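Written below as structure tokens is the structure these notes are about.
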Amino acid sequence: MTRVASTVSEYVQRQWGDGRRGLRYGGLELTHHQVAAGSAARAALLAELLPRGVEPHLGVLLDNTPEFPLWLGAAALAGAAVAGINPTRRGPELARDILHTECRVLVTGRVHLPLLDGLHLPGVRVLVTGTEEYERLLAPYEGARPGECAVGPVGPATRLLLYFTSGSTGAPKAAICTQGRLAAAGEALVSHFGLGPDDVHYICMPMFHGNAVIANWAPALTSGATVALRDRFSASGFLDDVRAYGATYFTYVGRAVHYVLATPARPEDREHRLRIGFGTEAGAVDADRFARRFGVELVEGYGSSEGGAAIQRTPGTPPGAIGRPAPGGDLAVVDPETGRECERARFDEAGRLLNGGRAVGELVNRGPNPFEGYWRNPAGDAERRRGGWYWTGDLFFRDEDGFLYFAARADDRLRVDSENLAAALIENILARWEPVTGAAVYAVPDPVTGDQVMAALSLPDAPFDPAAFLAFLSAQRDLGTKMAPRFVRVMPRLPVTATNKVHRAVLREEGFWSQGEVWWRPPGEAAYRPLSPVDLTRLREEYAAHGRAVVLGAQADGGRAGRPEGAGPGGPGHASG
């Protein structure tokens, strides 16, 4: 039996001399040996480019091309760390991510070069893959062997990943993941799902996020499986890829599963080798539809790039529940003010939570956990580790049998298409619009999973001009692709608390179904138009079709104002990062 390795570097080195298929990307195929050789060459180049005495960090601003896993392997061999740079970020926020993680080398491709135009990135060497200059730089190191070139110590405690999480209270935080933790995560998933060297891991989720690397690339590396890459997720290309690559395992986040299900059914929907999909936020309705259509089980989980808490779905998990704590986790649902455990959830015959006010609390891990901190963010570390516990920042409730259900987010996070957004950042952008005297951004539930962005705008002196607002949004370079509001509520003034803070709780309760002036951009449409009663009826029907009607307030059904006391067990799972 092969010995379990303690570092990602050792697993990369084990690929040397292995002539089996290791990586596929369209028509390109590389053996495991070629993957190890490519990583070794890049490790040698990295050792040459990184100045001595600086943090050995490189940024990777790439789609899912072979260069991404090759640079992950290179960083592992060299004792360096990769910061996954999100290409949906823009302008100063993108520059901040690169500079905050102290990247001295930034690897990108031609397609993303326009994002860097005009950015001030002092001390950052940019490498553009696929160019003559890039190939010229690599050429002298093509004969390098794994383990020959390092910029620092290589061991289980060596930093390997700096992956950005939510940024819910300001700028995104870069969670640290060491070689030991990533290797252990890969090994754990291999054991849990029975993965092996004959499996093919299809990676269609972006590798700048923790999901694709921690839950997909790492188990492929530790088991010796084949990796199959897709540049960017494509719902229409999903089944074709799965069949062409012979994929057996994939990971997903957010609405990806819903988008695949929205494609036309085909006679060959079950003609594939796919066995398992592992991820979060698919929702119980879509998970069931996926299993019936494709014959593939989706396993929902809860976890984060930080590694502080994990929930596993096990046989017998009730509909809507995430599961029970993963082995070794002492998870509890507690009142964040007192630290005392909340009472167990009680449901009525329809499955609605009856005691949400006493059952919903913050999920904490009171036992040992692998959280390794944030890069250069002691305040973020302290917030997570209050009183010796790991505080997830997410609200849950727990039933009498110990199963955990996701309820809500404990702060002003918005999760749109699996991207975590910060309300404050979007508000700062909207505040630039001249007619606005106040802006509040908050989450409203998505019909399938996660959130959609809603903004309340104070316009006391002028009517809302949808065309002018859209033109303003288009001109903001730092407005990310997921940040534009789906719904806009126009108000003479924003509601405030007794301390003159914006009363977001009221805004969230009233949602897009409020009686005020609400505009929206229907899916697939670019322009804003008034939300009509017909639109609202159709939206209610869409939520009901996906088992999500419970997340809407009673006002949305024409009843009294306000939300139900708590989300029912039909609510989605959630994972950060």
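The values are calculated or read from the model by the stated rules, or taken from the named source; none is laboratory data. Because the structure is predicted, anything quoted here is derived from the model rather than measured. Virtual Cβ from ideal backbone geometry, glycine too; neighbours counted across all protein chains shown.
Annotations for the structure displayed:
- Some residue of the range 518-530 being within 26 Å of the chain's Cα centre (by Cα), part of a helix (DSSP H, G or I) and modelled with pLDDT under 90: no
- Unique match (being closer than 18 Å to residue 448 by Cβ and over 18 Å from the mean Cα position of the chain (by Cα)) among 295, 320: 320
- The residue of the range 451-483 that is nearest to residue 423 (Cα to Cα), among those that are of a type in the set (Gly, Ala, Ser) and at pLDDT 95 or above, is 455.
- Enumeration of residues in the range 61-104 that are under 18 Å from residue 134 (Cα atoms), over 18 Å from the mean Cα position of the chain (by Cα) and surrounded by fewer than 22 Cβ atoms within 10 Å (Cβ to Cβ): 65, 66, 104
- Qualifying residue in the range 220-228 (condition: part of a strand (DSSP E or B), hydroxyl-bearing (Ser, Thr, Tyr) and not assigned by TED's automatic domain parsing to the domain that holds residue 445): yes
- Matching residues, the range 390-418, being surrounded by fewer than 20 Cβ atoms within 10 Å (Cβ to Cβ) and over 22 Å from the mean Cα position of the chain (by Cα): 399, 400, 401, 402
- The condition of being at pLDDT 95 or above, touching a Pro at 6+ places or on another chain (Cβ under 6 Å) and closer than 15 Å to residue 43 by Cβ holds for only one of 80, 75, that being 80.
- Flag set for residue 233, criterion: surrounded by fewer than 24 Cβ atoms within 10 Å (Cβ to Cβ), under 18 Å from the mean Cα position of the chain (by Cα) and not aliphatic (A, V, I, L, M).
- Across the range 16-44, the number of residues qualifying as over 10 Å from residue 70 (Cβ atoms) and either aliphatic (A, V, I, L, M) or buried (at least 24 other Cβ atoms within 10 Å of the Cβ) (or both) comes to 3.
- The range 45-60, subset part of a helix (DSSP H, G or I) and out of contact with any Cys (no Cβ under 6 Å at 6 or more places or on another chain), residue surrounded by the fewest Cβ atoms within 10 Å (Cβ to Cβ): 48
- In the range 242-284, the residues that are part of a helix (DSSP H, G or I), among the small types (Gly, Ala, Ser) and modelled with pLDDT under 95: 256, 284
- Members of the range 307-350 that are surrounded by 20 or more Cβ atoms within 10 Å (Cβ to Cβ), touching a helix residue (DSSP H, G or I) at 6+ places or on another chain (Cβ under 7 Å) and at pLDDT 80 or above: 307, 308, 342, 345
- Here residue 178 passes the criteria (1) in contact with an Asp or Glu (Cβ under 8 Å, 6 or more places away or on another chain); (2) at pLDDT 95 or above; (3) over 18 Å from residue 60 (Cβ atoms); (4) not hydrophobic (A, V, I, L, M, F, W, C) except the one numbered (3).
- Any hit, the range 114-130, residues being farther than 30 Å from residue 379 by Cα, among the polar types (S, T, N, Q) and assigned to a strand (DSSP E or B): no
- Selection within the range 1-29 - modelled with pLDDT of 95 or more, in contact with a helix residue (DSSP H, G or I) (Cβ under 7 Å, 6 or more places away or on another chain) and either outside any helix (DSSP H, G or I) or among the hydroxyl-bearing types (Ser, Thr, Tyr) (or both): 7, 9, 11, 15, 16, 17, 18, 19, 20, 22, 23, 24
- Flag for residue 157 being under 22 Å from residue 381 (Cβ atoms) and over 22 Å from the mean Cα position of the chain (by Cα): yes
- Filter pass, residue 439 being at pLDDT below 95, surrounded by 16 or more Cβ atoms within 10 Å (Cβ to Cβ) and either under 18 Å from residue 332 (Cβ atoms) or β-branched (Val, Ile, Thr) (or both): no
- Taking the criterion of being under 23 Å from residue 53 (Cβ atoms) and either among the polar types (S, T, N, Q) or in a strand (DSSP E or B) (or both), the residues of the range 79-113 that qualify are 81, 82, 83, 101, 105, 106, 107.
- Unmet requirement for residue 508, which otherwise passes all of (1) at pLDDT 90 or above; (2) more than 30 Å from residue 298 (Cα to Cα); (3) in a helix (DSSP H, G or I); (4) not aliphatic (A, V, I, L, M): (1)
- Of the residues making up the range 340-381, those that are farther than 21 Å from residue 309 by Cα and either in contact (Cβ under 8 Å) with a residue 60 or more places away in the chain or of a type in the set (Gly, Ala, Ser) (or both) are 347, 350, 351, 352, 353, 354, 355, 356, 357, 376.
- Residues of the range 464-495 that turn out to be surrounded by fewer than 13 Cβ atoms within 10 Å (Cβ to Cβ) and touching a strand residue (DSSP E or B) at 6+ places or on another chain (Cβ under 8 Å), as a count: 2
- Restricting 212, 225, 235, 220 to residues that are closer than 25 Å to residue 265 by Cα and among the small types (Gly, Ala, Ser) narrows the list to 235.
- All positions within the range 49-59 that are in contact (Cβ under 8 Å) with a residue 24 or more places away in the chain and either over 31 Å from the mean Cα position of the chain (by Cα) or over 17 Å from residue 84 (Cα atoms) (or both): 49, 50, 51, 54
- When residue 105 is tested against the conditions (1) free of Cβ contacts under 8 Å to residues at least 60 places away in the same chain; (2) in contact with a helix residue (DSSP H, G or I) (Cβ under 8 Å, 6 or more places away or on another chain); (3) over 24 Å from residue 180 (Cα atoms), the lone failure is (3).
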